[in-house]
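The values are calculated or read from the model by the stated rules, or taken from the named source; none is laboratory data. Since we're looking at a predicted model, the values are computed, not measured. Here the Cβ is made from the backbone with ideal geometry for all residues, glycine too, and neighbour counts use every protein chain on show. Accessible surface areas use protein heavy atoms only, side chains included; no ligands, DNA or RNA. Shrake-Rupley method; radii C 1.70, N 1.55, O 1.52, S 1.80 Å.
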Amino acid sequence: MATDKLQRPVVITGGARRIGLALARHFLARGQAVILSYRNSWPALEQLRQDGACCLEADFSSDSGILDFAARVAQRADGLRAIIHNASSWQAETPDVAPQETLKQMLQIHVHAPYLLNLQLGSLLCGYGQGASDIIHFTDYVVERGSDKHIAYAASKAALDNLTRSFARKYAPQVKVNAIAPSLILFNDDDDEEYRRRALDKSLMKIAPGEQEIILLIDYLLQSRYVTGRTHAVDGGRPLR
Ligand SMILES: NC(=O)c1ccc[n+]([C@@H]2O[C@H](COP(=O)([O-])OP(=O)(O)OC[C@H]3O[C@@H](n4cnc5c(N)ncnc54)[C@H](OP(=O)(O)O)[C@@H]3O)[C@@H](O)[C@H]2O)c1
């Protein structure tokens, strides 16, 4: 029934951990409705549900999984405030996995998912006025530099970066479409001391700044009525090193 639908939620893919989780909590604390996707049952989900998030299990490893998620979002939302494409997989090339499989998986999560979701859900972003809705793509600093260990990952994020320009053109002037290109934001729990030291030394600012830097930028982008079609680096000045 229409009355059960959420009022213009923000959709966050991969919203049950790390940066996606921080964003979900940020929006919920402000009273902004949230629909998030999760693949694995992370502990934070229980509290997210209690705080009002609509948490939908979704696996984007297949196109049908992506399209099914889009259909369930459309059933639950009367329109959308934003789609934040956060879901990602940082796979390196490894001898255990055929390279064509690595490439396929990277394109699936970083290109098929945003491409199909933007097309399926775009109409729900429209109708609210000039620049009133947003699509945010999470890319990566490696888009401009390439990567010797994560070649397919970097290529797929580069394709996502390009989708930013195409969807900005397609949905203007109602929807702004921007990319965020982070370098180090958060370490993984299993990163060892040597890895951490080297990673910190790669930027001018020499910190892992945490989710707040991303939240600040997303707040800015959502408040803007003019900024679209651009890639916004959050990299501590890394290209200058
Ligand atoms: N953290 C950094 O320092 C950093 C640096 C550069 C770029 N970025 C980008 O910033 C974004 C957020 O980073 P993060 O480190 O918080 O990401 P993350 O820990 O890699 O988490 C991404 C989310 O994507 C979900 N996901 C992965 N594969 C999926 C699939 N096939 N179907 C559905 N969901 C899937 C994961 O769900 P499950 O855990 O349930 O599998 C997870 O919740 C990512 O796009 C990343 O590429 C981050």
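Okay, here's what the table says:
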{"read-out": "Carbon + sulfur, % of accessible area of the chain - ligands and nucleic acids excluded, 1.4 Å", "value": "50"}
{"read-out": "Folded to 0 to 90 degrees: helix 212-223 orientation relative to the chain principal axis, Cα", "value": "40"}
{"read-out": "Charge context of R30, other residues only, Cβ under 12 angstrom, K/R +1, D/E -1", "value": "0"}
{"read-out": "Cα-based helix-to-principal-axis angle, 18-29 vs the chain, degrees rounded to 10", "value": "30"}
{"read-out": "C54 accessible area, 1.4 Å probe, all protein chains in place, Å² to nearest 10", "value": "20"}
{"read-out": "Cα-based convex hull, the stretch 2-234, per residue volume (Å³, whole number)", "value": "128"}
{"read-out": "Residue-normalised accessible area of the stretch 116-155, expressed per residue, 1.4 Å probe, Å²", "value": "42"}
{"read-out": "Cβ-defined net charge surrounding R230, 13 Å radius [Lys, Arg +1; Asp, Glu -1]", "value": "+1"}
{"read-out": "On Cα atoms only, tilt of 63-76 relative to the major axis of the chain in degrees", "value": "40"}
{"read-out": "Accessible area of S61 in the full protein assembly, 1.4 Å probe (Å², nearest 10)", "value": "80"}
{"read-out": "Dimensionless Rg over Rh [the stretch 55-149; C-alpha; Kirkwood]", "value": "1.04"}
{"read-out": "Dipole magnitude of the chain, debye to nearest 20 (Cβ charges: Lys/Arg +1, Asp/Glu -1, about Cα centre)", "value": "940"}
